[in-house]
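Trainee: Quick one: the structure is below, questions incoming.
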Amino acid sequence: MKTPEWIEKDEVFRAVVEQLRIDRVQVQPVAPKYRKIVLILALLTIAGLYWWGWGSSTIRAVDVLLNANGDFALTPLDDSTVRHQTWILVEKSAIVACAVLAFLIFRGKRPPRPRMSVSIKTYFLATLATTIGFLALVPLGLFFGAMGFESLDHYPERAIDGVWPLALETLRGAMAGPTEEIVLMALVVVALRRAGQNWWIIILVANIVRVPFHLYYGWEAIGLAVWATLIVLLYKRTNSLIPIIAEHAIWNTHQTLADEGIVSEGWILVPVIGVAVIICSMYFKRDGLFIARAKHAVQPR
């Protein structure tokens, strides 16, 4: 797509566009004659994993959206629910395992690895993307409120009684990092790129699978499309997934503990804890499965 003339004339916008054009994921599409088959397999894989992991959550979220004044009280978490919580974690781990396998199959040959500095920066950019995405809810919430649309804004808070229920609930929240970022972002990117789809289609699909189960926030949850889009672009630019997963996991962990009054509500704790995680990780020589190194930016074909 041709860049508008006004962007070409502005140095700042031109620099931003050049950065967005960089593609470090480097997934090579299959031969044209196989692309329809791969596309069908990709969509079935994404849809299957989505329904497994978020099907019931999506139904629940839509129910909350359309019946904001209904009774949506949740079962309190105590020692009697530990077994159920544990089973949820086991199921989420199975989803991640299947998603990693699908990711590796669709990705094919592993691209060159990026500098560690790229991975470190990715964490903070992911935090910024998440913050911007949630801030986008504010104006949309005001708009839909003015239009007369009611929303619950969030699920009612669970009453957590006991150390183990709290630990398991915190871990369950943290599991959103690997499950959502691998299934709903990384897998979407590599599978659709392998099928020869352009980045506009990838961003559209990433939004379709990311927004619906957040609709319990209300119609303003559509604003999370900003977050989903920025995360895809960040992954495209860096090919560094581990920091994105870590940011999401830390964000959710902080939110769970803040709801219980254990830590401050301040968002500043999220990047601060992230700094500690990054400093510790720098002592390890080996990168994670999804961190790649590449000395030079790679332009899309």
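The values are calculated or read from the model by the stated rules, or taken from the named source; none is laboratory data. Note that this is a predicted model, so its numbers are computed, not measured. Backbone-built Cβ (ideal geometry, glycine too); neighbour counts: all protein chains shown. These area figures cover heavy atoms from the full protein model, side chains too; ligands, DNA and RNA do not enter into them. Shrake-Rupley method; radii C 1.70, N 1.55, O 1.52, S 1.80 Å.
Trainee: Over the range 179-263, with the other protein chains present, what is the accessible area per residue in square angstrom, probe 1.4 angstrom?
Mentor: 28
Trainee: Return the subset of 92/121; 33/92; 33/121 for which the Cα-Cα distance in this structure is over 31 Å, preserving the input order.
Mentor: Distance filter (> 31 Å) returns 33/92; 33/121.
Trainee: With a 10 Å radius around each residue's Cβ, average the other Cβ atoms per peptide and rank 178-189, 83-94, highest first.
Mentor: 178-189, 83-94
Trainee: Within the set of other residues whose C-beta is less than 12 Å from the C-beta of residue 258, count the net charge using Lys and Arg as +1 and Asp and Glu as -1.
Mentor: Result for the neighbourhood of residue 258: -4.
Trainee: Rounded, prolate or oblate: which fits the range 209-256 when a ≥ b ≥ c are the square roots of the eigenvalues of the alpha-carbon gyration tensor, with rounded for a/c under 1.5 and prolate only if a/b beats b/c?
Mentor: Cα axes put the range 209-256 in the oblate bin.
Trainee: On the full set of protein chains, 1.4 Å probe, figure out the accessible area of residue 224 and give it in Å² to the nearest 10.
Mentor: For residue 224, the solvent-accessible surface is approximately 0 Å².
Trainee: In addition: With a ≥ b ≥ c the root eigenvalues of the C-alpha gyration tensor of the range 143-247, is it rounded (a/c under 1.5), prolate (a/b larger than b/c) or oblate?
Mentor: Here the range 143-247 falls in the oblate category.
Trainee: What's the ranking of 240-253, 159-172, 195-208, 30-43 by average number of surrounding C-beta atoms within 10 Å, highest first?
Mentor: 240-253, 195-208, 159-172, 30-43
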